[in-house]
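The values are calculated or read from the model by the stated rules, or taken from the named source; none is laboratory data. Note that the structure is a prediction, hence the values are computed from the model and not measured. Cβ sites come from the backbone with ideal geometry, for glycine too, and all protein chains shown count toward neighbours. Protein only, heavy atoms only, side chains kept; ligands, DNA and RNA dropped before computing areas. Shrake-Rupley method; radii C 1.70, N 1.55, O 1.52, S 1.80 Å.
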Amino acid sequence: MPTLFISHGSPMLAVVDSAARRFLAQLGPKLQPPTAVVVFSAHYDSVTTEVTSADRPETIHDFGGFPDELYRLRYPAPGHPKLARDIVARLEAAGVHARLSPNRGLDHGAWIPLSLLLPRADVPVLQVSIDSRRSPEDHFALGRALRSLRDAGTLLLGSGGATHNLALYAHARGRDDESAPPEWVDAFNEWTAGAITARRIDDLFHYAERAPFAAQNHPTAEHYLPLFVTLGAAHDDEPGVRIHSSYDRGLLSLDAYAFGLVQPLPREIRVRAAAPGPAVLH
C-alpha cells in the first residue's frame, strides 16, 4: 500500500463541493483496496501514544458552530481490536510507550476524509494518537515503527494540514476557494512541497527555523505533525508526490501527498477533479 498525507481542511469538506472534496472522492477507487486503515489525525493529541481498539468506533463530532447536517453524519466503519493490539506491541518494541483506547471513536480528521475515500465504510479503521509536545523526529520514528504494516495491505494515513492558521481563516469569510493565497501562505506551502519531493528530511525536521513564514502558517504544530508520521512510513526510495493542490479561502492549503504509488494518478484527479463526490454516509 502507498502511504498518504491528506490536508483535511474544514469539516464542511464533508458536505460542500470543492476541488479537494472531488479529489478525495475520485482518489479512493484508484487505490488498491486496503485491508485496514490506520489514521494519525491532528485531532487525536495525547501525551501517551494511544491506539483505538473499539469493535465499532463511534463517529465523533468534535467541532462546533456548523450546520445541523454535519452532526447527523455517521461513518460506521468497523474497528480492528486485533490490529490495535499488534500496533501497541510494535510500538513498545520500538521503545514507544503505547496503550489501547477501547472507548474512543473516530474524530473528524479521520472520518470526514475517509467518508470520501472509502464511502462504503466497510474497511476497518483505527487511530493512533500524535503528541504535539513531541518533535517531528519523534513522529517520524512513529511512522518507521509501523511501516511494515503496509506490506499486509494497511493504509497509513496522516490527516492534518499543509498550512493551518485557523484564527486568520475564521476571519476571512469574504474569501472563497478561488482566492489566491497570500505570499506568506504560498511561500511556506511551496517550500513544503519542494522539501518533500526532494526528500530533504532534515530541513523538514527543522521547518520551524528554516521554512519561510513557518510560525504564521502553523502557530501550533499539531496539523503539521501527521506529515512526519507519513514520511517515516515511507521507504528511502519512495519520494513524495504531491497528488493534489488547492486552497480553502486562500489560507488553508489542502495539499495531499503520496509515497509509494505504483503508478501516477491521472491529471484530472491530481489537479481539478471534474465530478462531484458521492454522498457522505448517514
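In this structure, does Leu114 turn out to be touching a Pro at 6+ places or on another chain (Cβ under 6 Å), under 18 Å from Ala258 (Cβ atoms) and not charged (D, E, K, R)?
Criteria not met by Leu114.
Would you mind finding the one in Ala141, Ala89 that is without any contact (Cβ under 8 Å) to a residue 40 or more places away in the chain, surrounded by fewer than 23 Cβ atoms within 10 Å (Cβ to Cβ) and more than 13 Å from the chain's Cα centre (by Cα)?
Criteria check complete, one pass: Ala89.
List every residue pair whose Cβ atoms sit under 9 Å apart, with the two residues 6 or more apart in sequence or on different chains, where the first one lies in region 191-208 and is within 12 Å of Leu231 (Cβ to Cβ) and the second, anywhere, is of a type in the set (Ser, Thr, Tyr) and surrounded by fewer than 17 Cβ atoms within 10 Å (Cβ to Cβ).
Close Cβ pairs (under 9 Å, with a partner that is of a type in the set (Ser, Thr, Tyr) and surrounded by fewer than 17 Cβ atoms within 10 Å (Cβ to Cβ)) amount to Phe205/Ser135.
Mind checking which residues of region 88-109 are in contact with a helix residue (DSSP H, G or I) (Cβ under 9 Å, 6 or more places away or on another chain) and part of a loop (DSSP other than H, G, I, E, B)?
Ala94, Gly95, Val96, His97, Pro102, Gly105
Restrict the check to region 39-52 and report whether at least one residue is under 21 Å from the mean Cα position of the chain (by Cα), modelled with pLDDT of 95 or more, aromatic (Phe, Trp, Tyr) and in a strand (DSSP E or B). It would help to see each step written out before you state the result.
Taking region 39-52 as the starting set, the residues that turn out to be under 21 Å from the mean Cα position of the chain (by Cα) are 39-52.
Checking which are modelled with pLDDT of 95 or more leaves us with 39-52.
Next, only the ones that are aromatic (Phe, Trp, Tyr) stay: 40, 44.
Still in the list and also in a strand (DSSP E or B): 40.
The answer is yes, given that some residue of region 39-52 is under 21 Å from the mean Cα position of the chain (by Cα), modelled with pLDDT of 95 or more, aromatic (Phe, Trp, Tyr) and in a strand (DSSP E or B).
So which helices (runs of 4 or more DSSP H) stay within region 132-250 end to end and still have 3 or more residues that are among the aliphatic types (A, V, I, L, M) and modelled with pLDDT of 95 or more? Walk me through how you get there before you give the answer.
Numbers: elements: 136-146, 166-170, 183-197, 201-205, 207-210, 214-217, 225-233.
Hits in region 132-250: 136-146, 183-197, 225-233.
Kindly evaluate Val47 against the criterion of being out of contact with any Lys or Arg (no Cβ under 6 Å at 6 or more places or on another chain) and surrounded by 14 or more Cβ atoms within 10 Å (Cβ to Cβ).
Answer is no for this residue.
Name the residue that is least open to solvent (accessible area, probe 1.4 Å), counting only residues in region 50-76 that are closer than 18 Å to Val128 by Cα and among the aliphatic types (A, V, I, L, M).
Among those that are closer than 18 Å to Val128 by Cα and among the aliphatic types (A, V, I, L, M), it is Val51.
Of the residues that make up region 107-114, is at least one touching a residue at least 24 places away in the same chain (Cβ under 8 Å), touching a Leu at 6+ places or on another chain (Cβ under 7 Å) and surrounded by 20 or more Cβ atoms within 10 Å (Cβ to Cβ)?
Yes; the residues of region 107-114 include at least one that is touching a residue at least 24 places away in the same chain (Cβ under 8 Å), touching a Leu at 6+ places or on another chain (Cβ under 7 Å) and surrounded by 20 or more Cβ atoms within 10 Å (Cβ to Cβ).
Criterion first (without any contact (Cβ under 8 Å) to a residue 60 or more places away in the chain, outside any loop (DSSP other than H, G, I, E, B) and of a type in the set (Gly, Ala, Ser)) does Ala25 satisfy it?
Numbers: without any contact (Cβ under 8 Å) to a residue 60 or more places away in the chain: no; outside any loop (DSSP other than H, G, I, E, B): yes; of a type in the set (Gly, Ala, Ser): yes.
Taking the combined requirement at face value, the residue does not satisfy it.
Got a number for residues in region 53-87 being of a type in the set (Asp, Glu) and assigned to a helix (DSSP H, G or I)?
Residues flagged as of a type in the set (Asp, Glu) and assigned to a helix (DSSP H, G or I) within region 53-87 amount to 3.
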